[in-house]
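Remarks on the structure that follows.
The values are calculated or read from the model by the stated rules, or taken from the named source; none is laboratory data. Please read all numbers here as calculations on a predicted model, not as lab measurements. Because the Cβ atoms are built from the backbone with ideal geometry, glycine has one as well, and the counts that use them run over all protein chains shown. Keep in mind that these areas ignore ligands, DNA and RNA; they rest on the heavy atoms of the full protein, side chains included. Shrake-Rupley method; radii C 1.70, N 1.55, O 1.52, S 1.80 Å.
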Amino acid sequence: EDGGPQPEKHCGHGRGGMGEDVKRKEDQRFITGRGNYVDDIKKPDMLHCEIVRSPHAHARIENIDKSRALDVDGVVAVLTADDLREYDLATMPTLMADTQDVLVNDKVKFQSQEVAAVIATDRYTAKDGAQKVVVDYDVLEPVVDAEASLEDDAPLIRDDIEDKEDNHCLDWETGDEEATAEAFEEADVTVTEDMLYQRLHPAPIETCGAVGDYDPGKDKLTVHMTSQAPHIHRTLFAQVSGIPEHKIRIVSPDVGGGFGNKVPIYPGYVVAAAASYVLEQPVKWVEERSENIQSTGFARDYDMTGELAATDDGEILAVRTDVLADHGAYNAVAQPSKFPAGFFNIFTGSYDIDTAYGSLTAAYTNTAPGGVAYRCSFRVTEAVYLIERMVKVLADELGMDPAEIRRKNFIQPEQFPYESSTGWNYDSGDYEGALDKALEMADYDHYREEQQRRIDEDADKLLGIGISSFTEVVGAGPGKTCDIAGVEMFDSAEIRVHPTGNATVRVGVQTQGQGHETTFAQIVAEELGMDVEDITVEHGDTDTDPYGLGTYGSRSTPVAGAAAAVASRKVREKAKAIAANELEAAEEDITWDRESGEFHVAGAPDRSVTITEIAAGAYMNHPSSEEPGLEAVNYYDPPEMTYPFGSYIVIVEVDRETGEVEFEKFVAVDDCGNRINPMIIEGQIHGGLAQGIGTAMLEHVTFDDNGNVTGGDFMNYLLPTSMEIPNFETGHTVTPSPHHPIGAKGVGESPTVGSPPAIVNAVVDAMSHAGITHVEMPMTPDTVWAKLDEAGLAT
Ligand code: CDP
């Protein structure tokens, strides 16, 4: 009725509504050690599970001898695929409807695949038992490289798929191939670049784990698990196990980071649940770090070729890309099911490009399955990397300033809503506004002069300036196009206002550290005129929360945040009827004032009631026209996704002697529409930028020719620490989403998506005067030094 919260309007009501830096409610328990994670759960008679994993990447299992393990004092059971088959649990569907072995049925397809499970009275005994399971393997030749796996003589990985004769997984294309080819033929200039978005691993502090707890008395299976999506996991558990869904309860307690890693269902979850069902005792499984890196969902692994066609003066006419994707041993990518390449279609980026064409081939390899959306909305990270890298390549080819070429090609504010040439509907944006702000914050002109000075003076350290003006796409659904395992991607919120004026809000999404207990409370506080301290947010329990599709792809704010606002407004409508009763006025004369949060009689502001008084009225003096009580639920199917954006500018020094890269300046300007909690957003940006630095500089899961994971632990898979992280200078602009009830877009993944191309562009920029067009990630000193050497710049 009042147009919703206004951009940048800090409520300042002192109630902790939209735009206020409310301190995170959940931090009280986290920083005092009172968090409750899966591994904190202890049950009477609880058993422990250890998984026996294959040391080989490709091998047929000839025999499994359990006897020595069963002799270990305290070992209760050893499960293999044969045991699970009795319960029809030997295989499970992946999110992309492939069939994955829970425990290897016949042939191992990647190193560290789950072969057997040892259940024992404590974790140490389970581990001892696991070492005594004797598995005879017939070792086969592995193939861990997507290109090699598509060659005619490559060993066949998926002989479990009927009539399968090669390792081809799927093909995908988007856009207009012919029109794009024509544009390339007619263009003044074309550029092309090959780039690998290397295999990464989302590395949450907490690894994956579960406590299966079957209660034969109630005939109910409770699974506490590290889940970003408890409801969809319950549905999948029901489908796989045959246990009716109402007899399953999934609880995702505190989750120590997810980043997409906790979206798929892993064999360990199924084994813990199945073992507790069979043994009628709770069974805990918690993986170790190397198990997490080596066997759970990886991210990226897109080998991309990018091409741009342009006019002499830098107008981009067309973009084309071809991708070879490594999907690992099973097609277990975590994408909405109709999007085999996720939202990679958005590779036209922030630019008004008439024609585009993208094609992709995916291959099976003897590597862990995955392709999860690591702090990203389904492959948008790869798409942003492609276009933002290519714009820099084109700028260098034309001798144009990379800021100028972006400005020339941006979609303009008046073009929104904008349909891209691959058919995506951008809601709103002001890309030039964000870039201008970032350029100013970065003191761009000064650094360009400094860069030239260093070149002229043959300085030991070169300066590079990288820009990324990215557009994201977050908030999947709508349900008609987006589903996970057939379930439409809506989300939900339920609000119960209690008689004494406080409220419980339950949402279908699940926090993993993003501060949902605070920000959802802020949305409801804003919409109902309540104090944020009077609102408790609950999530992660399928027995009590409304059904939702979970948290990944920054969908919480765009979808469940919208549901919380709409449910609040439903409560507000009913509150009006109760206010009318309390104030002895007609309902149509009651208005709500966002500023004071009070309901009053139109034209008589002194005749007013607060939500607390209304709550009392709802239970103690309800009008005869209404049911007692004050609550509402909303299942929100978004009409469209939201398109947050930003401009990042990274300035680096590159040491010509060592190839070392140091950050001189790191500016990040983000626009996520209306902001709920600026302090939380700032934290999200800092964390995401750190992960972007890890991607660009350090992280890569690698394999040797025998299929051994050579980057499978934190000694070899390097995460950024405070030593590698520079000071960030953050800024923002506000362009509300026109279709979102509170004008908000997501923000959590923007920095991870937007920063890697800015960092690579900066390092390339330090050498582009000498003809360097690309440096592959991770840009370790030796990689950078080799490029310096190639360009004749190394000293
Ligand atoms: O789905 P996920 O929570 O990972 O991502 P998000 O929706 O982008 O939200 C991340 C955090 O930032 C949440 O606590 C949001 O409420 C907060 N946020 C905000 O304060 N204002 C926005 N416009 C967007 C997100």
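Numbers for the structure displayed
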| item | result |
| --- | --- |
| Charge dipole (the chain, unit charges on Cβ, about Cα centre) - positive-most of 523, 708, 72 | 72 |
| Sequence of 320, 572 from largest to smallest accessible area, 1.4 Å probe | 320, 572 |
| Other-chain or far-sequence residues with amide H under 5 Å of residue 538's (modelled H) | 505, 506, 507 |
| Net lengthening on full extension, residue 82/residue 453 (0.36 nm per residue, minus Cα-Cα) | 126.5 nm |
| Under 22 Å from the Cα of residue 43 - lysines, other chains or at least 8 residues apart | 127, 218, 220, 247, 284 |
| Part-to-part distance (alpha-carbon centres) for the stretch 719-773 and the stretch 320-341, which is given in Å | 24 |
| Mean separation of Cα contacts under 8 Å (6+ apart) over length of the stretch 170-326, as relative contact order % | 35 |
| Estimated FRET transfer efficiency (residue 588, residue 626; beta-carbon r; R0 22 Å; 0.05) | 0.90 |
| Pairwise label distance in nanometres, residue 43 with residue 13, each label 7 Å out on the Cα-Cβ vector | 4.3 |
| The stretch 509-583: relative contact order as a whole-number percent, Cα under 8 Å and 6+ apart | 38 |
| Long-range amide H partners of residue 77 with built H, under 5 Å | 119 |
| Estimated vicinal HN-Hα couplings, Hz - the stretch 143-159 in sequence order (Karplus 6.51, -1.76, 1.60; Gly, Pro = x) | 9, 10, 10, 4, 5, 5, 5, 8, 6, 4, 8, 5, x, 7, 8, 9, 6 |
| Check: the stretch 85-164 dipole with +1 on Lys, Arg Cβ and -1 on Asp, Glu Cβ, in debye | 640 |
| Charged-residue dipole, Cβ positions (Lys, Arg, Asp, Glu), the chain about Cα centre, Debye nearest 20 | 3000 |
| Largest to smallest accessible area among 663, 237 [probe 1.4 Å] | 663, 237 |
| Carbon + sulfur, % of accessible area of the stretch 335-419 - ligands and nucleic acids excluded, 1.4 Å | 43 |
| Separation of the residue 205 and residue 425 label points, Cα + 7 Å toward Cβ, nm | 4.1 |
| Under-5 Å amide H pairs with residue 58, H placed in peptide plane, nonlocal only | 140 |
| Pair residue 138, residue 710: separation of 7 Å Cα→Cβ label points (nm) | 3.0 |
| Carbon + sulfur, % of accessible area of the stretch 621-720 - ligands and nucleic acids excluded, 1.4 Å | 46 |
| Gain upon complete extension [residue 786, residue 416; 0.36 nm per residue less C-alpha separation] | 128.8 nm |
| Positive-end residue, the stretch 93-229 charge dipole about Cα centroid, Cβ charges, pick of 227, 201, 99 | 227 |
| Accessible area of residue 637 in the full protein assembly, 1.4 Å probe (Å², nearest 10) | 80 |
| Partner aspartates and glutamates for residue 338 [C-alpha distance under 15 Å; skip if fewer than 8 residues away on the same chain] | 98, 171, 173, 483, 488 |
| Solvent exposure ordering (accessible area, 1.4 Å, most first) of 201, 700, 446 | 446, 700, 201 |
| Entries of 408/745; 109/164; 665/787; 107/262 with Cα pairs more than 19 Å apart | 408/745; 665/787; 107/262 |
| Lys/Arg +1, Asp/Glu -1 at C-beta; the chain dipole; positive extreme among 357, 597, 174 | 597 |
| Separation between Cα centres of the stretch 54-101 and the stretch 678-715, rounded to whole Å | 31 |
| Accessible surface, per residue, of the chain when the full set of protein chains is kept, probe 1.4 Å, Å² | 35 |
| Accessible area of the stretch 458-537 belonging to carbon and sulfur atoms, whole % at 1.4 Å probe | 45 |
| Relative contact order (%) - criterion: Cα under 8 Å, at least six apart; region: the chain | 16 |
| Calculated FRET efficiency for the pair residue 679/residue 606, C-beta based, R₀ 51 Å, to 0.05 | 0.90 |
| Estimated FRET transfer efficiency when R0 is 56 angstrom, pair residue 194-residue 573 (beta carbons, to 0.05) | 0.45 |
| Per-residue SASA entry for residue 619, accessible area with 1.4 Å probe, Å² rounded to 10 | 90 |
